[in-house]
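Okay, so here's the structure we're looking at.
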Amino acid sequence: MARNALSLFPLFSDSLFPDRFNRIDRLFSQLTGDTPLSGAPSYDIKRTGDNRYDLVLSVPGWKEHELQIETTGGQLTISGKHEEEKGGSEESWIHRGISRASFRSSFSLPDSVTVTGAALNEGLLTISLLQEIPEEEKPQRIAITNSNSKALEHQV
């Protein structure tokens, strides 16, 4: 299972911590010529507003009913399991290069982030995220007073 940490505070770009196991697995796979264990789909993270983000996973060939998205205890888990194909058709595969292996990817979400929806379109699964920063954690402007008791505003 691929496990990634997502922290939207302060910026998405500073917040991704790739899974060390998967990196080591890929390194050994390159050295030995084996296939890496992780079949997790690749993903992008896109900022869509001040406090809105999209997590976009590449899932070509997957159908909505074959994918499952769950959030539990600060973990966002996306899994996929292909349904079995029914035989009896005149079609037969000559080559199957598109991965049909089941997968499970997990992301750690901060407490301030909630999943607001998901959509599958043209092989891309988009999961919408909303970051709600509590008022006490937002930057605040502090007035500076000088010896003449005049308040000076400091630009942030």
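Can you compute 3J(HN,Hα) from phi for each residue in the range 97-103, using the Karplus curve 6.51 cos²θ - 1.76 cosθ + 1.60 with θ = phi - 60°, rounded to whole Hz and x for Gly and Pro?
Karplus-based 3J(HN,Hα) across the range 97-103 equals x, 7, 4, 10, 6, 5, 9 Hz.
Would you rank Asp50, Asp44 by solvent-accessible area, highest first, keeping every protein chain in place and using a 1.4 Å probe?
Asp50, Asp44
What is the local net charge at Ile78, summed over the other residues whose Cβ is closer than 11 Å to its Cβ (Lys, Arg +1; Asp, Glu -1)?
Surrounding charge for Ile78 is 0.
Karplus couplings for the range 67-81 from phi (6.51 cos²θ - 1.76 cosθ + 1.60, θ = phi - 60°), rounded to Hz, Gly and Pro as x?
With the stated coefficients, the range 67-81 comes to 10, 9, 10, 9, 10, 8, x, x, 10, 9, 10, 10, 9, x, 9 Hz.
Asn51's amide H: which non-local residues (gap 5+, or another chain) put their own amide H closer than 5 Å, with H modeled 1.01 Å from N in plane and none for Pro or chain starts?
Those qualifying (amide H under 5 Å, at least 5 residues apart or on another chain) number zero.
For Leu31 and Ile69, compute 0.36 nm times the residue count separating them, minus their Cα-Cα distance, and round to one decimal in nm.
Gain on extension, Leu31 to Ile69, equals 10.3 nm.
The values are calculated or read from the model by the stated rules, or taken from the named source; none is laboratory data. Fair warning: this is a prediction, and the values are worked out from it, not measured in the lab. So basically every Cβ, Gly included, is an ideal-geometry build from the backbone, and we count neighbours across all protein chains shown. Surface accessibility is based on the protein's heavy atoms, side chains included, excluding ligands, DNA and RNA. Shrake-Rupley method; radii C 1.70, N 1.55, O 1.52, S 1.80 Å.
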